[in-house]
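Okay, so here's the structure we're looking at.
The values are calculated or read from the model by the stated rules, or taken from the named source; none is laboratory data. Quick caveat: nothing in here was measured; it's all calculated off a predicted structure. For neighbour counting, all protein chains shown are included, and Cβ atoms are generated from backbone atoms with ideal geometry for every residue, glycine included. Note: accessible area is taken over every heavy atom of the protein model, side chains too, but ligands, DNA and RNA are not part of it. Shrake-Rupley method; radii C 1.70, N 1.55, O 1.52, S 1.80 Å.
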Amino acid sequence: MNDALPVVYLARHGETAWSLSGQHTGRTDLPLTERGEQNARQLGERLKGLNFVKVFTSPLQRAARTCELAGFGAVVEIDRDLLEWDYGEYEGRRTVEIRKDRPDWQLFRDGCPGGETPDRVGARADRVVDRVRAARGNVLIFSSGHFLRVLSARWLDIEPAAGKYFLLGTASLCALSYEHDLSEPAIRLWNDTQLER
């Protein structure tokens with residue numbers, strides 16, 4: 001790895017009631033739990049000393065509050081492309097419940113009726129990748145799990161459906177960068193949740 005190349009840090013929001021219960025939380029604007037707020041502050045401690053040319057967050061309160069508690073509220077830019085996947089008719093439902101009606105359903109392959117397809121989420125992720133690469137420096141992003149998984153797949157120039165392979169815990173930290181030069185995107189750090197212990 002070349003330490004001189006830019007790094008894009010991805011911070012998944014802290015815990016919410018629905019992340020605890022396993023309910024799909026797309027556009028429902030839930031607050032962080034007390035533990036989620038504590039995790040956000042700890043995330044801020046881990047990010048101290050790092051410099052960012054840009055900081056972006058989803059407008060949803062779970063991501064924006066994580067950003068604020070981590071200490072970046074004064075410099076953040078709201079980016080609607082960072083919204084979580086729109087789960088449509090599956091909003092608030094757990095995968096096990098959805099599979100009672102559709103036993104072979106897979107989010108990253110099928111998307112959601114009345115919501116977004118993987119390609120639509122991928123198109124939003126592509127716009128974010130373009131903005132981040134144009135920033136020409138270290139960037140910090142606060143968003144939600146399924147979107148960040150698609151964003152990471154698109155960073156690597158692989159199909160949005162490949163996001164299914166990248167698991168993310170709440171309040172996790174990831175880093176996307178490059179190997180030798182800007183033509184070789186890579187994952188530098190993935191799903192680091194040490195702050196939750």
Out of Trp85, Trp18, report the one residue that is of a type outside the set (Lys, Arg), within 23 Å of Pro118 (Cβ to Cβ) and in contact with a His (Cβ under 7 Å, 6 or more places away or on another chain).
Trp85
Out of Leu20, Leu32, sole residue that is modelled with pLDDT of 95 or more and either touching a strand residue (DSSP E or B) at 6+ places or on another chain (Cβ under 8 Å) or closer than 22 Å to Thr95 by Cα (or both):
Leu32
Restricting attention to segment 60-83, which residues are open to solvent by 40 Å² or more (accessible area, probe 1.4 Å) and basic (Lys, Arg)?
Arg65, Arg80
Can you find, within segment 170-197, the residue that is surrounded by the most Cβ atoms within 10 Å (Cβ to Cβ) among those that are under 25 Å from Trp18 (Cα atoms) and of a type in the set (Val, Ile, Thr)?
Thr170
Restricting attention to segment 164-193, report how many residues are free of Cβ contacts under 8 Å to residues at least 24 places away in the same chain and closer than 22 Å to Gly14 by Cβ.
2
Requiring at least 1 residues that are among the small types (Gly, Ala, Ser), closer than 18 Å to Thr25 by Cα and touching a helix residue (DSSP H, G or I) at 6+ places or on another chain (Cβ under 7 Å), the strands (runs of 3 or more DSSP E) wholly within segment 97-197 are 139-143
Can you pull out every residue in segment 151-169 that is open to solvent by less than 30 Å² (accessible area, probe 1.4 Å) and either more than 8 Å from the chain's Cα centre (by Cα) or of a type in the set (Phe, Trp, Tyr) (or both)?
Ser152, Ala153, Trp155, Pro160, Ala161, Ala162, Gly163, Leu168, Gly169
Considering segment 62-96 alone, what residues qualify as being small (Gly, Ala, Ser), within 30 Å of Glu45 (Cα to Cα) and assigned to a helix (DSSP H, G or I)?
Ala63, Ala64
Anything in segment 20-59 that is of a type in the set (S, T, N, Q) and either open to solvent by less than 40 Å² (accessible area, probe 1.4 Å) or part of a strand (DSSP E or B) (or both)? List them, or say none.
Gln23, Thr25, Thr33, Asn39, Thr57, Ser58
Among the residues of segment 1-17, which ones are within 16 Å of the chain's Cα centre (by Cα) and either crowded, with 22+ Cβ neighbours inside 10 Å or not in a loop (DSSP other than H, G, I, E, B) (or both)?
Val8, Tyr9, Leu10, Ala11, Arg12, His13, Gly14, Glu15, Thr16
Name the single residue, out of those in segment 84-96 being in contact with a helix residue (DSSP H, G or I) (Cβ under 6 Å, 6 or more places away or on another chain) and of a type outside the set (Ser, Thr, Tyr), that is surrounded by the fewest Cβ atoms within 10 Å (Cβ to Cβ).
Glu84
